Amino acid sequence: MIDLHFVGTPNGHKISIALEEMGLPYRKIAYNILDGEHLTPEFRRVNPNNRLPAIVDNAPSDNGEPFAVFETGAILIYLSEKSGLLMGRDLRQRSLAVQWLMWQMAGLGPMHGQAHHFVRYAPERLAYPTERYMNEARRLLHVLDSRLDEVEYLAEDYSIADIACWPWIRAVGLIGIDITQFANIKRWWDLIAMRPAVAAGIGTSDVNAPNSYGAARMTLTPAQWSNMFGERMLAASRQP
Ligand SMILES: N[C@@H](CCC(=O)N[C@@H](CS)C(=O)NCC(=O)O)C(=O)O
């Protein structure tokens, strides 16, 4: 049994979808990040970075003690190795899956995350960071669209790379991007949306449900802002 320390965001859904696809038994432990439920010393022992999601494998394949894994890219590789699924059939596909997974982890996720921050969370609209991160968010979508013009899935066969990217594409409407302008991404997105494991991982049969990642404009209370971006967030990661 795997403990999934979970939040219903694109990063959280990467792992719930992967667990469903791989048929690995898991139990979900849900956190409210706006309320700062992840900012505890207990959770820090699971994830030294105090971010969600994270997993604890209570039955690792070396038969040793329960093993904790953080960072969604590392979790996806771990689960893929545990199940023997979704990381390609040969050396080239495996490398392609890892390349596009790293691209998601270093590019699509962080850059779209910053775009979401400045478009949706910043208390005031700031022209420079909004333009910088929206341009980068769009550039990355052009990269993805070009790749998907060449292949059905990022690593040719459906893989953890697709699972890593798909929930982030699900969220682009919230930053004002119309995904139908990217024909190859739309084709790929619809194909993945039809998979029963994806609906199970998202927790709704309506994968197109609007606003499931929050409102287009988020207004945080001072306490919520402190938990997400301010002093309470900092305090949780400060030594010891
Ligand atoms: N690079 C990390 C990102 C994790 C992350 O930022 N998670 C967000 C939720 S999507 C979080 O925990 N936010 C809480 C906070 O910022 O305090 C990963 O891929 O696991």
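Read-outs throughout are calculated quantities, based only on the coordinates presented, and are distinct from any laboratory measurement. None of the values given here were measured: they were computed from a predicted structure. Note that we place each Cβ from the backbone using ideal geometry, even for glycine, and neighbour counts take in every protein chain shown.
In whole angstrom, note down how far apart the Cα centers of the stretch 1-15 and the stretch 23-58 are. If you average the Cα positions of each part, the centres end up 8 Å apart.
Below 13 angstrom from the Cβ of G214, what's the summed charge of the other residues (Lys, Arg +1; Asp, Glu -1)?
Numbers: positive: R120, R170, R217; negative: none.
Taking every Cβ under 13 Å from that of G214, the sum is +3.
Treating only the Cβ of Lys, Arg, Asp and Glu as charged (+1, +1, -1, -1), what charge dipole size does the chain show about its Cα centre? Round to the nearest 20 debye.
Using Cβ point charges on Lys, Arg, Asp and Glu, the chain gives about 500 debye.
Please report the net charge: other residues with Cβ closer than 11 Å to the Cβ of K82, K and R +1, D and E -1.
Working: positive: none; negative: D57, D62, E81.
Around K82, the surrounding residues sum to -3.
Taking a straight Cα-Cα cut-off under 20 Å and skipping sequence neighbours fewer than 8 places away in the same chain, the aspartates and glutamates within cross-link reach of K186 are E136, D145, D149, E150, E152, E156, D157, D162, D178, D206.
Each of A54, Q114, Q104 was placed along the dipole of the chain (beta-carbon charges, centred on the mean Cα), and the one lying farthest toward the positive end is Q114.
Within the same chain, lysines fewer than 8 places from K82 are excluded, and of the rest, those with a Cα less than 28 Å from its Cα are K14, K28. Evaluated with a Cβ-only charge set (Lys, Arg +1; Asp, Glu -1), the stretch 141-187 carries a dipole of roughly 240 debye about its Cα centre, given to the nearest 20.
In the neighborhood of T130, defined by Cβ-to-Cβ distances under 14 Å, what is the net charge if each Lys or Arg adds +1 and each Asp or Glu adds -1? So the surrounding residues net to +2.
Rounded to the nearest 500 deg cm²/dmol, what is the calculated helix-only ellipticity per residue at 222 nm for the chain, with -39500 (n - 2.57) per DSSP H run of length n ≥ 4?
Dividing the helical sum by the residues of the chain leaves -15000 deg cm²/dmol.
If eta is 1.306 mPa s and T is 10 °C, what Stokes-Einstein diffusion coefficient results for the chain, Kirkwood Rh from Cα pairs, in µm²/s? Numbers along the way, then the final one.
On the way: Rh = 18.6 Å.
The Stokes-Einstein estimate is 85 µm²/s.
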